[in-house]
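Asks: So that we are looking at the same thing, I have put the structure below in structure tokens.
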Amino acid sequence: MAAAQIKLEVVTPTRAVLSVEVDEVVLPGSLGQMGILPGHLPLLTGLDVGAMILRDNGTERRFFIDKGFAEILDDKISVLTQGCEGVSDIDIEHARAEFKEAEQEIGRLEKLTNVEEVEDTEELLKRYRESLERARTRLLVAGEGDASDA
């Protein structure tokens, strides 16, 4: 028989962030969002940058997740991630500045035409695109609407 709730533990390289029991957890899986309820089949999955949503007794809490892995058992979810921030922990002004800087740098790098410069920019473009996605996700998790307004 499935448990009424599922235990969630979230750990980053620097600290244990959460240890709670909830009705449902929505994770940003590397192939899309996945909802996890008590009694879920065992699963080990990669996580992408995205929103983690906890639902409990009709309430919803949102967190920013910065990639990682999740081990899902029938009564427990263990999340190992590079970063996890609750809505109140997100520095909105910093996220807006990060978004704007990444957007500007991507635009600048995409306009390069010199072959040597273009070859050297692929890794930079990848890092700025990841930075843009992290900033966009932080703003969306914090309820700041469309991140392009930043």
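Asks: For SER19, SER30, what ranking results if the residue with the fewest other Cβ atoms within 10 Å of its Cβ goes first? All intermediate terms of the calculation are to be shown ahead of the outcome.
Replies: Values: SER19 10, SER30 15.
Going from sparsest to densest Cβ surroundings: SER19, SER30.
Asks: Taking neighbour counts of Cβ atoms within 10 Å as a proxy for exposure, in what order, fewest first, do GLU24, GLU122 appear? Can you show the working numbers first?
Replies: Values: GLU24 16, GLU122 10.
With the fewest neighbours first, GLU24, GLU122 line up as GLU122, GLU24.
Asks: Say R0 is 41 Å: what FRET efficiency, to the nearest 0.05, do SER88 and LEU112 get from their beta-carbon distance?
Replies: E between SER88 and LEU112, to the nearest 0.05, is 0.55.
Asks: With an 8 Å cut-off on Cα pairs and a minimum separation of 6 or more residues, tell me the relative contact order of the stretch 6-87 in percent. Intermediate values should be presented prior to the final figure.
Replies: On the way: 216 pairs, mean separation 26.3, N = 82.
With pairs under 8 Å counted, the relative contact order is 32 percent.
Asks: I'd like the projected area of the stretch 36-75, averaged over all directions, using the convex hull of its alpha carbons. Report it in nm² with one decimal.
Replies: Working: hull surface 12.1 nm².
Computing the convex hull of the Cα atoms and averaging its projections yields 3.0 nm².
Asks: If you fit an axis through the alpha-carbon atoms of helix 115-141 and take the longest principal axis of the Cα set of the chain, what angle between them do you get, 0 to 90°, nearest 10?
Replies: Roughly 40 degrees, rounded to the nearest 10.
Asks: Can you list, largest first and rounded to whole Å, the semi-axes you get for the stretch 1-72 by taking the square root of 5 times each eigenvalue of its Cα gyration tensor? Don't jump to the answer; show the numbers that get you there.
Replies: Values: eigenvalues 66, 40, 31 Å².
Over the Cα atoms of the stretch 1-72, the semi-axes work out to 18, 14, 12 Å.
Asks: What is the gain in length, in nm to one decimal, between GLU122 and GLN33 on full extension, counting 0.36 nm per residue of separation less the C-alpha to C-alpha distance? Kindly include the intermediate steps, with their values, before the conclusion.
Replies: On the way: separation 89, 0.36 × 89 = 32.04 nm, distance 2.79 nm.
Taking 0.36 nm per residue and subtracting the Cα distance, the gain is 29.2 nm.
Asks: Also, I was wondering about something else. Nearest 10 degrees is fine. How inclined is helix 92-110 to the longest principal axis of the chain, computing both from alpha carbons?
Replies: 50
Asks: Now for a different question. With semi-axes √(5λ) of the Cα gyration tensor in Å in mind, check (i) 30, 21, 14; (ii) 34, 17, 12; (iii) 37, 15, 10 and report the label derived from this structure.
Replies: Read-out from the structure maps to (ii).
Bear in mind that the values in this text are calculations on the coordinates, not laboratory data. Predicted model, so just to flag it, every value in this text is computed and none were measured. Every residue, glycine among them, receives a Cβ derived from its backbone with ideal geometry; neighbour counts consider all protein chains shown.
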